[in-house]
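Just so you know, all these numbers are worked out from the coordinates, no wet-lab data involved. For clarity, every value in this text was computed on a predicted model and none was experimentally measured. Cβ placement follows ideal geometry from the backbone for every residue including glycine, while neighbour counts extend to all protein chains displayed.
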Amino acid sequence: MANAEDLNRLTSCSLVLLGHIFLSLGNSRESMNMVTPAMQLASKIPDVHVQLWASAILKDLYRLCADPRENEAFQMHCNFSQMLLKDHFQASQMPEHNLIQWTEGSFPLLVEPTPTST
């Protein structure tokens, strides 16, 4: 492992995966025991992808158990999803994104967008 962040990321991913497996097997208690610390660990890194995955499992767990925290987990899942969508959109607007679609011809120009004044 390169550093503590990598170790935390690997641990949180492993915990979420175990939580997912336990949920698939119908063992909601063990699933909760895996996903809850995974979510806490992922928030320290922070790793939004793992948090999104863990929040999806938490949302399902709360729904299956008729837990009133289901709405809170649903909102948390929506927030992580919106964060990732926003990041993806911002990345797609960057000039460097043109390199992804460049397959032939001359090298594309990387022109910085000029700020508009309103």
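Please work out if residue 106 is polar (S, T, N, Q) and either under 27 Å from residue 3 (Cα atoms) or in a helix (DSSP H, G or I) (or both). Break it down stepwise before answering.
Values: polar (S, T, N, Q): yes; either under 27 Å from residue 3 (Cα atoms) or in a helix (DSSP H, G or I) (or both): no.
For residue 106, the condition - polar (S, T, N, Q) and either under 27 Å from residue 3 (Cα atoms) or in a helix (DSSP H, G or I) (or both) - is not met.
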(request) Being more than 12 Å from residue 53 (Cβ to Cβ) and not small (Gly, Ala, Ser) is the filter here, so list the residues in region 19-33 that pass it. (result) 21, 22, 25, 27, 29, 30, 32, 33
(request) Could you check region 1-69 for helices (runs of 4 or more DSSP H) lying wholly inside it with 2 or more residues that are within 21 Å of residue 81 (Cα to Cα), among the aliphatic types (A, V, I, L, M) and in contact with a Gly (Cβ under 8 Å, 6 or more places away or on another chain)? (result) 28-44, 48-64
(request) Please go through region 50-78 and pick out each residue that is polar (S, T, N, Q) and either within 14 Å of residue 15 (Cβ to Cβ) or surrounded by 14 or more Cβ atoms within 10 Å (Cβ to Cβ) (or both). (result) 51, 55
(request) Would you mind telling me which numbered condition in (1) within 16 Å of the chain's Cα centre (by Cα); (2) surrounded by fewer than 14 Cβ atoms within 10 Å (Cβ to Cβ); (3) among the charged types (D, E, K, R) residue 96 fails? (result) (1)
(request) Could you please find all residues in region 10-46 being surrounded by fewer than 19 Cβ atoms within 10 Å (Cβ to Cβ), under 12 Å from the mean Cα position of the chain (by Cα) and not small (Gly, Ala, Ser)? (result) 13, 45, 46
